[in-house]
Amino acid sequence: MAISSTETASPAGSPGPGGFLLNLAIALVIMVAGIVFAVLCAVAVFAALNTVLPDIKLVQAMLVMVLGVAACFGYFWGSNRLLDVIYPPRGSRVAENINAANGIRPWLFLGPAVVILGIYLVYPVINSIVLSFHGPSGETWVGGANYAWLAKDAAFRESMRNNILWLIVVPAAATFFGLIAAALTDRIGWGNVAKSLIFMPMAISFVGASVIWKFIYDYRAEGSDQIGILNAIVTFFGAEPQAWITIPFWNNFFLMVILIWIQTGFAMVILSAALRGIPEETIEAAIIDGASPFQIFYKIKVPQIWGTIAVVWTTITILVLKVFDIVLAMTNGQWGSQVLANYMFDWMFRGLDFGRASTIALVIMAMVTPIMVWNIREARKDMK
Amino acid sequence: MSTPVGSRPALAWVVNISVILLVALWTLPTFGILVSSLRDKDQLAVSGWWTALTSSERNLVARAAPPENATLEGGRYVLTGNVFEGGSGEVTGFGISSRDPSAFAVGEEAELRGDATLTVEANGDYTIAYAGEPEPGRGQRIFVSSVEPPKFTTANYENVLFSEGLGKSFINTMTVTIPATVIPILIAAYAAYALAWMEFPGRALLLAAIVGLLVVPLQMSLIPLLRLYNTVGIGKSFIGIWLAHTGFGLPLAIYLLRNYMAGLPREIIESARVDGASDFEIFRKIILPLSFPALASFAIFQFLWVWNDLLVATVFLGNNEEQLVLTGRLRELLGSRGGNWEILTASAFVAIVVPILVFFAMQRYLVRGLLAGSVKGG
């Protein structure tokens, strides 16, 4: 990747670790000044306008949006001005001033993002680890008791089993259907329309999708007309209607269908782009050698997009680990369909045990970590 | 792709039919709830949505006017009325006991107790004729099998929007979504510029950290932030959820925008630097306008994610009537109105219609963002 090294960013701008820390310290001071100033201004304007504007939530939201954007601009503009005042890019020490300012400026640009990321993502990870050694309210130290409880807990074991099922089935099925859809839609005239329609469930919330599919799985006692299409089909062929989402073990698969339905479009879009990126020559050569369309697809095209397939697969895997809305809305973990994310939510809201809930969250984190490491390595390879 | 393979007619047929099947499988579930939400709630409860265009059979019980209302006509006491009482339909048969609601064909005379006869016509008009003056009492029960024409209505939507609180939730969702979509963009854009075009120690480390934070499960953040909010005094408020969504959206925003900005032509930025522009000016006047496609991509991602989110809203906004968002309301209705499909289908459609419209209108940017975030060298 391109690195912007200009004459102004010479090593003189960052003389050793001491200079770096000094830069950070100055940046911090300017940043705090800038943020405090911007936020105070925004709050003052908000308070002033709020007395005039009607008390409607949506109006306030718009106001917050405008003021938030204004405060951001105010901060970035103000902090840059402040930096230019401290190190004026003119006068007798112009070269040193520009170098010093260039050492500090990146931190002013990064400042708000780093602070927010620190509070909302980094601190919680550390805090969760600490909480997992504490009791329900997070105050008393209990050592490894939460982990010991987890190891023996039957519901946790059920969640783990179901999560592993989800991890195997959903990424595989979504990638498979996505690949098929991508390969087929690229060959027909109305392919783009078809793609849009298959892609559409991506825009639907998990809860919305749950309602849609609960309607499909709807069950009426035998004899009355079925209004769920699945039972209608089943009874049409003479079988007995089933209450699908209450059948232990198999109900997991009926819930997985929902996520596969949502994610296939994502896989399709990305794999379709990858398929189009395959060099034409390899395909032409295969055609000249007399390969059939299926041979071309499986032996020429698919091997060339393994990298993209892996990316799609891991992205969906991460999503699966976090899935919670579907289980909550469809069964709330009843009938043997519990998963980790919903189990964690259960202990947090109904069990009111922050220690145990944090421990379950850490298990999810541990399962994500290998993918995280792999992603970072891939990203670093790309940037070199 | 126009390879010679695509020109084989048999294969082309197979491909077309397969795609039609796929598209049907992926759209019919949504179409089903759209159709259902527009149907009459009595019809929805007894027949599948795929029969919405056909007439539906229905058994109903009507009660005739009390006998003392009968009027003397041609030497007999006659009572008339209509079994549908303002509704519509076509009677296929009628009876006088619940066991056999179609014992008599339309137009036949049924013998009633007390020397009387009952006739029901196809349009629902009934006539009860008494030989003598009838004793006062309750009206005769008439059991009718009828065929109703398909009925479509917007009553379900009126009901959920104004009585079930969905209208209020819609406003709440908008209130959460608008600032939570726009505010992260600027913060991320400056950070992305620094990571793409500025030189400073620790840059590689920060980039790696952001790629790592992309996949940190939200579940990790809930409890620590909830405790933090309670300590600071933000509690369950819109401010809290705006900030939370900003925080959770930032890694993706920075990642997408940095990748895009790093790909911008180096010469533009270099020549601006030579002309004496500061980084701040370069960003505002050159990078920001050029990055519009990436900004739009992220805005759509964030919009869809915030609009459709249930977890963050449940934890940081709470479940009280005043603050419940659409997804939360839908989940609550699933619990409390599990069998009332006219309410559930209409509510679900209200909840998904805005993201679907945004999706179709801005699909181009969404796809571009997905590709920028995911496709790496094969």
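The values are calculated or read from the model by the stated rules, or taken from the named source; none is laboratory data. Just so we're clear, the structure is a prediction, and the values are computed from it rather than from any experiment. A quick note on method: Cβ atoms are made from the backbone with ideal geometry, for glycine too, and the neighbour counts reach across all protein chains shown. With ligands, DNA and RNA removed, areas are computed over all heavy atoms of the protein, side chains included. Shrake-Rupley method; radii C 1.70, N 1.55, O 1.52, S 1.80 Å.
Restricted to the stretch B:272-378, the set of helices (runs of 4 or more DSSP H) holding at least 3 residues that are within 25 Å of B:V176 (Cα to Cα) and among the polar types (S, T, N, Q) comprises B:292-308. Restricting the stretch B:172-209 to residues that are in contact with a Lys or Arg (Cβ under 6 Å, 6 or more places away or on another chain) and not hydroxyl-bearing (S, T, Y), the residue that is nearest to B:I269 (Cα to Cα) is B:A196. Answer yes if at least one residue in the stretch B:206-216 is in contact (Cβ under 8 Å) with a residue 12 or more places away in the chain, more than 8 Å from every other protein chain (Cβ to nearest Cβ) and part of a helix (DSSP H, G or I), and no otherwise. Checked against the condition, which is being in contact (Cβ under 8 Å) with a residue 12 or more places away in the chain, more than 8 Å from every other protein chain (Cβ to nearest Cβ) and part of a helix (DSSP H, G or I), the stretch B:206-216 yields no hits at all. Only one of the numbered conditions (1) within 21 Å of B:E57 (Cα to Cα); (2) not in a loop (DSSP other than H, G, I, E, B) is violated by B:T173, and that is (1).
B:D309 meets each of the listed conditions (1) over 21 Å from the mean Cα position of the chain (by Cα); (2) among the acidic types (D, E); (3) at pLDDT 85 or above apart from (1).
Of all residues in the stretch B:13-26, those being among the small types (G, A, S) and surrounded by 15 or more Cβ atoms within 10 Å (Cβ to Cβ) number 1. Taking (1) of a type in the set (V, I, T); (2) within 14 Å of chain B (Cβ to nearest Cβ); (3) open to solvent by 20 Å² or more (accessible area, probe 1.4 Å) in turn, A:I164 satisfies each apart from (2). Counting only residues that are charged (D, E, K, R), facing chain B (nearest Cβ under 7 Å) and touching a residue at least 12 places away in the same chain (Cβ under 8 Å), the stretch A:185-213 holds 1 of them. Only residues that are part of a strand (DSSP E or B), open to solvent by less than 20 Å² (accessible area, probe 1.4 Å) and away from every other protein chain (no Cβ under 12 Å) were counted across the stretch B:42-77, and they come to 1.
When the stretch B:232-258 is filtered for residues that are over 24 Å from B:E322 (Cβ atoms) and more than 9 Å from every other protein chain (Cβ to nearest Cβ), the ones remaining, listed by number, are B:G249, B:L252, B:L256, B:L257, B:R258. Among residues of the stretch B:182-201 that are more than 7 Å from every other protein chain (Cβ to nearest Cβ) and in a helix (DSSP H, G or I), those with a Cβ under 8 angstrom from a residue that is surrounded by fewer than 21 Cβ atoms within 10 Å (Cβ to Cβ) and charged (D, E, K, R), sequence gap 6+ or separate chain, pair up as B:L195/B:R203.
Scanning the stretch B:336-355 for residues that are under 27 Å from B:A244 (Cα atoms) and either without any contact (Cβ under 8 Å) to a residue 12 or more places away in the chain or among the charged types (D, E, K, R) (or both) yields a single hit, B:V353.
Quick one: count up the residues across the stretch B:210-236 that are open to solvent by 30 Å² or more (accessible area, probe 1.4 Å) and in contact with a helix residue (DSSP H, G or I) (Cβ under 8 Å, 6 or more places away or on another chain). Within the stretch B:210-236, residues that are open to solvent by 30 Å² or more (accessible area, probe 1.4 Å) and in contact with a helix residue (DSSP H, G or I) (Cβ under 8 Å, 6 or more places away or on another chain) number 5. Output yes when any residue across the stretch A:80-101 is in contact with a Pro (Cβ under 6 Å, 6 or more places away or on another chain) and at the interface with chain B (Cβ under 9 Å from one of its Cβ atoms), and no when none is. Within the stretch A:80-101, not a single residue is in contact with a Pro (Cβ under 6 Å, 6 or more places away or on another chain) and at the interface with chain B (Cβ under 9 Å from one of its Cβ atoms). Every residue in the stretch A:202-243 that is among the aliphatic types (A, V, I, L, M) and in a helix (DSSP H, G or I), please. Correct list: A:M202, A:A203, A:V207, A:A209, A:V211, A:I212, A:I216, A:I229, A:L230, A:A232, A:I233, A:V234. Selection within the stretch B:120-133: residues that are open to solvent by less than 20 Å² (accessible area, probe 1.4 Å) and not hydrophobic (A, V, I, L, M, F, W, C). The member of this set that is farthest from the chain's Cα centre (by Cα) is B:Y126.
Regarding the stretch A:146-160, can at least one residue be identified that is within 21 Å of A:K322 (Cβ to Cβ) and without any contact (Cβ under 8 Å) to a residue 24 or more places away in the chain? Scanning the stretch A:146-160, I find at least one residue that is within 21 Å of A:K322 (Cβ to Cβ) and without any contact (Cβ under 8 Å) to a residue 24 or more places away in the chain, so the answer is yes.
Just one of (1) more than 25 Å from A:F73 (Cβ to Cβ); (2) open to solvent by 40 Å² or more (accessible area, probe 1.4 Å); (3) more than 10 Å from chain A (Cβ to nearest Cβ) fails for B:E322. It is (3).
When A:S14, A:S79 are checked against the criterion of being of a type in the set (S, T, Y), at pLDDT below 80 and over 22 Å from B:G240 (Cβ atoms), A:S14 stands alone in meeting it. Comparison of A:A155, A:A174 shows that the only residue that is closer than 26 Å to A:A361 by Cα and more than 13 Å from chain B (Cβ to nearest Cβ) is A:A155.
Got a number for residues in the stretch B:149-165 being within 14 Å of chain A (Cβ to nearest Cβ) and either closer than 22 Å to B:V91 by Cβ or buried (at least 23 other Cβ atoms within 10 Å of the Cβ) (or both)? Of the residues in that region, 2 qualify.
Residues of the stretch A:278-306 that are free of Cβ contacts under 8 Å to residues at least 12 places away in the same chain and within 7 Å of another protein chain (Cβ to nearest Cβ): A:I287, A:P293, A:W306. A:G74 falls short on exactly one of the conditions (1) out of contact with any helix residue (DSSP H, G or I) (no Cβ under 9 Å at 6 or more places or on another chain); (2) crowded, with 17+ Cβ neighbours inside 10 Å, and that condition is (1).
Please tell me if A:N97 is of a type in the set (S, T, N, Q), under 36 Å from the mean Cα position of the chain (by Cα) and open to solvent by less than 50 Å² (accessible area, probe 1.4 Å). Spelling it out, it is not the case that A:N97 is of a type in the set (S, T, N, Q), under 36 Å from the mean Cα position of the chain (by Cα) and open to solvent by less than 50 Å² (accessible area, probe 1.4 Å). Taken as a whole, the stretch A:256-273 holds no residue that is surrounded by 18 or more Cβ atoms within 10 Å (Cβ to Cβ), in a loop (DSSP other than H, G, I, E, B) and touching a Pro at 6+ places or on another chain (Cβ under 9 Å).
A single entry from B:L252, B:L290 fulfils the requirement of being crowded, with 19+ Cβ neighbours inside 10 Å and in contact (Cβ under 8 Å) with a residue 24 or more places away in the chain: B:L252. With respect to B:P29, determine if the residue is within 14 Å of another protein chain (Cβ to nearest Cβ) and either buried (at least 16 other Cβ atoms within 10 Å of the Cβ) or among the polar types (S, T, N, Q) (or both). Taking the combined requirement at face value, the residue satisfies it. Scanning the stretch A:286-305 for residues that are open to solvent by 50 Å² or more (accessible area, probe 1.4 Å) and not aromatic (F, W, Y) yields A:I288, A:D289, A:G290, A:Q295, A:K299, A:P303, A:Q304. When you scan the stretch A:306-316, do you find a residue that is assigned to a loop (DSSP other than H, G, I, E, B) and loosely packed, with under 15 Cβ neighbours inside 10 Å, even just one? No, that holds for no residue.
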